[in-house]
Amino acid sequence: MNELDALVDGARAAFAQATTPADLENAKAQYIGKSGRITELMKGMVALSVDEKKTRGAAINVAKQAIEAALAGRRQALADAELQVQLRAEALDVTLPGRQRGQGGLHPVSLTLERIEAIFGSMGFEVAEGPEIESDWFNFTALNTPEDHPARSMHDTFYVEGGSAKAPNLLRTHTSPMQIRHAVQHVKRHRAGIDKGAGMPEIRVIAPGRTYRVDSDATHSPMFHQCEGLWIGENVSFKDLKVVFTDFCRTFFESDDLVLRFRPSFFPFTEPSAEIDIQFQSGPLAGRWLEVAGSGQVHPNVVRNMGLDPERYIGFAFGMGPDRLTMLRYGVNDLRLFFDGDIRFLSQFR
Ligand code: PHE
């Protein structure tokens, strides 16, 4: 093999070894750069005769063209390879399932509250909402629970800024303040009629919402839900409470063989007072008494604080625990699951 053929072979091998454009340019410089091998061979021709220059020059040119062709070929190959890598990196696998929009759903306690509102709505109850930051007056005093009343210690209250030392603000410990707030508004709206002796349309309302107590374990959370119920009129009795609440429970749990027990109890704002227990006659919870609400006939002092004459107006109130009802309905055994925000738990209720 002559010297020039060997040179071309050497260039081809060097170019083939270059795996990046930068490597390739370095290899090129060694052969056809300013001080590359071809240039040196050209310079070496000065001593030759004109004829020799012709043949030698032509041969060197052939070699140079071969090297340039090899260079161009390798450049193209490297560019193609780079493109392939890029295409592969950016490839879309059209056979993969598309990204779906997550499907949301209501929180199980919200589902319960909607149910409660629908059932009581069908019995003619309005739905009222009230503030979670409440005054001492609405939460306790107006509900027949004066300042030094021992019943205040039944609730472990979160006090918050605002209000006065004598009448501090607090996070409502129950939804019962809505009895007063709603009744006062209702009475104001119908005052003219009451004064003329025309009587007042009955107060029939439920007030669902968040409530707060210093308490935390598997069945207590510092934030929990309650739903208040209130029915006041000229002729509303404990019997009506029993009928309404029994109807509610049987509809809520979709079960007719469900019995209720009104167990004597104490609340400052009702007299007499009763805890309401329910018992399923069949199913996984059968045979156990389960407490679901506090209730009672509204105390005359509370009726007075509503702006009504307790000699004329009478009725009942109850306060139930939607969290508890949700646990019973779905068989959930730890209240904290409702408030952990774990999507694996929550998505089961969609
Ligand atoms: N507010 C009471 C509680 O939180 C429940 C209740 C409401 C009792 C209405 C009687 C009447 O425990």
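The values are calculated or read from the model by the stated rules, or taken from the named source; none is laboratory data. All figures in this text were calculated on a predicted structure; none of them were measured in a lab. Neighbour counts run over all protein chains shown; Cβ positions are idealised from the backbone, glycine included.
Consider Asp309 against the criteria (1) under 30 Å from Gly193 (Cβ atoms); (2) away from the ligand (no atom under 16 Å from the Cβ); (3) in a helix (DSSP H, G or I): it satisfies all of them except one. Which criterion is unmet?
(3)
May I ask you to verify whether Arg250 is among the charged types (D, E, K, R), within 15 Å of the ligand (Cβ to nearest atom), surrounded by 15 or more Cβ atoms within 10 Å (Cβ to Cβ) and assigned by TED's automatic domain parsing to the domain that holds Ile116?
No, not satisfied.
Which numbered condition in (1) more than 16 Å from the ligand (Cβ to nearest atom); (2) crowded, with 17+ Cβ neighbours inside 10 Å; (3) of a type outside the set (A, V, I, L, M) is the only one that Asn144 fails?
(1)
Assess whether Asn301 counts as being assigned by TED's automatic domain parsing to the domain that holds Leu143, more than 14 Å from the ligand (Cβ to nearest atom) and out of contact with any Ser or Thr (no Cβ under 6 Å at 6 or more places or on another chain).
no
Take Asp136 and tell me if it is over 23 Å from Asp323 (Cβ atoms), without any contact (Cβ under 8 Å) to a residue 60 or more places away in the chain and buried (at least 17 other Cβ atoms within 10 Å of the Cβ).
Judged against the criteria, Asp136 is a match.
If you check every pair at least six apart or on different chains, which have Cβ atoms under 8 Å apart with a residue in the range 293-318 that is in contact (Cβ under 8 Å) with a residue 24 or more places away in the chain first and a residue that is of a type in the set (Asp, Glu) and within 8 Å of the ligand (Cβ to nearest atom) second?
Ala317/Glu228; Phe318/Glu228
What are the residues in the range 253-286 that are assigned to a strand (DSSP E or B), more than 16 Å from the ligand (Cβ to nearest atom), exposed (fewer than 14 other Cβ atoms within 10 Å of the Cβ) and in contact (Cβ under 8 Å) with a residue 24 or more places away in the chain, if any?
Taking the range 253-286 and keeping what is assigned to a strand (DSSP E or B), we get 258-267, 270-280.
Right, trim to more than 16 Å from the ligand (Cβ to nearest atom) and you get 258-259, 279-280.
Pick out the ones that are also exposed (fewer than 14 other Cβ atoms within 10 Å of the Cβ) and you get 259.
Matches in the range 253-286: none.
Residues of the range 192-250 being within 15 Å of Gly124 (Cβ to Cβ) and acidic (Asp, Glu), which ones?
Glu202, Asp240, Asp247
Condition first: more than 16 Å from the ligand (Cβ to nearest atom) and either part of a strand (DSSP E or B) or touching a Pro at 6+ places or on another chain (Cβ under 7 Å) (or both). Now tell me which residues in the range 315-330 satisfy that.
Result: Thr326, Tyr330.
Quick one: how many residues across the range 158-175 are more than 16 Å from the ligand (Cβ to nearest atom) and within 13 Å of Phe140 (Cβ to Cβ)?
6
Could we say that Ser216 is under 18 Å from His174 (Cβ atoms) and in contact with a helix residue (DSSP H, G or I) (Cβ under 7 Å, 6 or more places away or on another chain) here?
no
Step by step: first the residues of the range 227-247, then only those that are surrounded by 14 or more Cβ atoms within 10 Å (Cβ to Cβ) and charged (D, E, K, R), then the one that is farthest from Tyr313 (Cα to Cα). Which residue is that?
Asp247
Can you tell me which residues in the range 26-63 are in a helix (DSSP H, G or I), closer than 17 Å to Ala13 by Cβ and not aromatic (Phe, Trp, Tyr)?
Asn26, Ala27, Lys28, Ala29, Gln30, Ile32, Arg37, Ile38, Ala63 - these are the residues of the range 26-63 that are in a helix (DSSP H, G or I), closer than 17 Å to Ala13 by Cβ and not aromatic (Phe, Trp, Tyr).
Hand me the list of strands (runs of 3 or more DSSP E) wholly inside the range 100-183 holding 3 or more residues that are within 15 Å of Glu228 (Cβ to Cβ). Spell out how you get there, then give the answer.
Details: elements: 133-135, 159-163, 168-171.
Per the criteria, no element qualifies.
For the range 189-200, name all the residues that are on the phi < 0 side of the Ramachandran plot and loosely packed, with under 11 Cβ neighbours inside 10 Å.
Matches in the range 189-200: Ala192, Asp195, Lys196, Ala198.
Would you confirm whether or not the range 201-214 contains a residue that is in a strand (DSSP E or B) and more than 21 Å from Glu117 (Cβ to Cβ)? Let's see the steps before the verdict.
Taking the range 201-214 first, the residues in a strand (DSSP E or B) are 203-212.
Applying the additional criterion that residues be more than 21 Å from Glu117 (Cβ to Cβ) yields 212.
Yes: the range 201-214 contains one or more residues that are in a strand (DSSP E or B) and more than 21 Å from Glu117 (Cβ to Cβ).
Touching a strand residue (DSSP E or B) at 6+ places or on another chain (Cβ under 8 Å), within 15 Å of the ligand (Cβ to nearest atom) and either charged (D, E, K, R) or in a helix (DSSP H, G or I) (or both): does that describe Leu230?
Considered against the rule, which asks whether it is touching a strand residue (DSSP E or B) at 6+ places or on another chain (Cβ under 8 Å), within 15 Å of the ligand (Cβ to nearest atom) and either charged (D, E, K, R) or in a helix (DSSP H, G or I) (or both), Leu230 comes out as no.
Say whether the condition of being surrounded by 15 or more Cβ atoms within 10 Å (Cβ to Cβ), modelled with pLDDT of 90 or more, farther than 18 Å from Leu7 by Cα and touching a helix residue (DSSP H, G or I) at 6+ places or on another chain (Cβ under 7 Å) is met by at least one residue in the range 56-63.
no
So how many residues does the range 97-121 have that are of a type in the set (A, V, I, L, M), closer than 24 Å to Arg344 by Cα and surrounded by fewer than 16 Cβ atoms within 10 Å (Cβ to Cβ)? Can you show your working first?
Step one: list which residues in the range 97-121 are of a type in the set (A, V, I, L, M), which gives 106, 109, 111, 113, 116, 118-119.
Still in the list and also closer than 24 Å to Arg344 by Cα: 106, 109, 111, 113.
Next, only the ones that are surrounded by fewer than 16 Cβ atoms within 10 Å (Cβ to Cβ) stay: 106.
Qualifying residue count, the range 97-121: 1.
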